[in-house]
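Just so it is clear, none of the values below were taken in a lab; they were calculated from the coordinates. Please read these numbers as outputs of a predicted model, since none were measured by experiment. Note: ideal-geometry Cβ built from the backbone for every residue, glycine included; neighbour counts use all protein chains shown.
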Amino acid sequence: MPPAEPAAWYLGLALLGLVTGGMTGLLGIGGGFLITPALHILFGLAYPLAVGTSLVQIVAATFFSALGHWRRRNVDLRLGLLMAAGGLIGVETGVRLLQAINAAAPLTINGRSHQPVDIVLNSCYLVLLAGVAVFMLRESLSPGSGEPGGVLAGRLRNWAVRPLVSFPASGIEQISLWVPGVISLAVGCLAGLLGLGGGFVGLPLMIYLIGLPTRLAVGTSTLQVFIASAYGGLRHCQLGHTDWTVACWLILGALAGVKIGVKLCARADADTTRKCFAILLLLAALTVASRLFSLTAGA
């Protein structure tokens with residue numbers, strides 16, 4: 001239930017949904033990297049409940065975002081469905097990991113008792129957010145970066161480990177099935193464990209490892225995030241990790257945000273899109289770092 005000021009509490013949830021919905025439309029990410037920590041840190045939900053509720057909002061936001069990108073031909077359907085299939089296995093792995101961590105005995109740090117799930121998940125968020133943000137910001141600020149293409153992506157396309165697949169919509173004539181397969185497993189695991197759609201990791205991996213153009217990677221990532229989040233949300237709902245009142249207010253804000261984000265994506269160039277993405281990740285990393293410090297500092 002909300003605190004003493006319910007109107008402000010609900011408005012805050014709607015604004016959070018608006019911001020993350022905008023990111024979904026613009027960047028092809030579910031926004032779970034921001035929603036889950038925010039629900040825990042700012043709104044006081046326990047991490048398992050924040051994870052499940054975040055996934056419900058991500059499902060709604062990414063559905064409308066994927067639909068908008070599909071209409072603009074920004075989706076490689078074949079690649080998106082392939083990565084979503086691998087992601088489902090990863091989601092189940094992540095859900096089971098979260099259950100195990102949540103059931104672990106409390107930890108004592110500097111004389112204070114902490115739930116392991118708080119320390120582990122905050123630490124995972126910090127490492128992932130900061131690492132991806134620094135890499136993308138560095139690359140997008142390099143002179144004449146444009147579409148990265150990527151030396152590594154070119155090498156992986158020439159890595160002829162069977163089975164080999166092609167993605168004509170993305171201009172990829174041949175690539176080993178293992179490349180998108182491993183990426184999708186990792187992204188799915190993050191969805192189940194951290195309440196992420198996985199887009200903040202999946203998007204840069206599609207750009208730098210598979211070699212998709214940024215705009216096409218955004219739309220395809222959105223489709224993959226939608227399918228993985230739908231399964232993850234269902235699993236957490238079965239475990240009772242969903243606050244439907246919170247989810248509804250988040251979705252209300254997200255619907256407006258998605259429309260704005262999709263329109264901005266059509267106008268923004270590749271460098272600007274990746275810079276905005278990296279800056280948002282850095283801000284989220286700073287928030288999580290502050291929370292982790294407050295948890296582990298002595299009383």
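Which value at 222 nm does the chain reach when only helices count, each DSSP H run of 4 or more adding -39,500 (n - 2.57), with the total divided by all residues and rounded to the nearest 500 deg cm²/dmol?
Using -39500 (n - 2.57) per qualifying helix, the result is -25000 deg cm²/dmol.
Calculate one ³J(HN,Hα) per residue across segment 284-295 by plugging θ = phi - 60° into the Karplus curve 6.51 cos²θ - 1.76 cosθ + 1.60, and present them in order as whole Hz with x for glycine and proline.
So the Karplus estimates, Gly and Pro as x, are 5, 4, 5, 5, 5, 4, 4, 5, 5, 5, 5, 6 Hz.
Suppose every Lys and Arg Cβ carries +1 and every Asp and Glu Cβ carries -1, with no other charges. What dipole size does the chain come out with about its Cα centre, to the nearest 20 debye? The partial results should precede the final answer.
Values: 18 positive and 10 negative charges, 101 e Å.
Approximately 480 debye in magnitude.
Just one of (i) 58, 45, 38; (ii) 70, 47, 37; (iii) 56, 40, 37 is Cα extents along the principal axes in Å calculated from these coordinates, so which is it?
Computing Cα extents along the principal axes in Å and matching it to (i) 58, 45, 38; (ii) 70, 47, 37; (iii) 56, 40, 37 gives (iii).
As I understand it, the dipole of the chain uses +1 on the Cβ of Lys and Arg and -1 on the Cβ of Asp and Glu, about the Cα centre. Which of Ser170, Cys276, Ala254 lies farthest toward its positive end?
Positive-most Cα among the choices belongs to Ser170.
Check which residues have an amide H placed less than 5 Å from Val75's amide H, if you skip close sequence neighbours.
Close amide H contacts, sequence-distant or interchain: none at all.
In terms of modelled amide H atoms, which long-range or inter-chain residues lie less than 5 Å from the amide H of Leu212?
Counting only residues 5 or more places away or on other chains, the set is Ile207.
At what distance in angstrom do the alpha carbon centres of segment 196-268 and segment 68-144 lie from each other?
Between the Cα centres of segment 196-268 and segment 68-144 lies a distance of 12 Å.
What list of ³J(HN,Hα) values in whole Hz, one per residue of segment 124-136 in order, does the Karplus curve 6.51 cos²θ - 1.76 cosθ + 1.60 (θ = phi - 60°) give from phi, with Gly and Pro shown as x?
4, 4, 4, 5, 5, 4, 5, x, 5, 4, 5, 4, 5
Taking H placed 1.01 Å from N in the peptide plane, check which residues at least 5 places from Ile172 or on another chain put their amide H under 5 Å from its amide H.
Long-range HN contacts for Ile172: Phe167.
Exposure proxy check: Val165, Val95 ranked by fewest other beta carbons within 10 Å? The partial results should precede the final answer.
Values: Val165 17, Val95 25.
Taking fewest neighbouring Cβ atoms as first place, the list is Val165, Val95.
Step through the residues of segment 230-243 one at a time and calculate ³J(HN,Hα) from phi using the Karplus curve (6.51 cos²θ - 1.76 cosθ + 1.60, θ = phi - 60°), rounding each to whole Hz and writing x for Gly and Pro.
Result, rounded to whole Hz: 4, 5, x, x, 5, 5, 5, 5, 4, 8, x, 9, 9, 9.
Ranking Thr222, Thr108, Thr296, Thr273 by Cβ neighbours within 10 Å, fewest first, what do you get? Please report the intermediate quantities before stating the final value.
Numbers: Thr222 36, Thr108 9, Thr296 16, Thr273 22.
Lowest to highest Cβ neighbour count: Thr108, Thr296, Thr273, Thr222.
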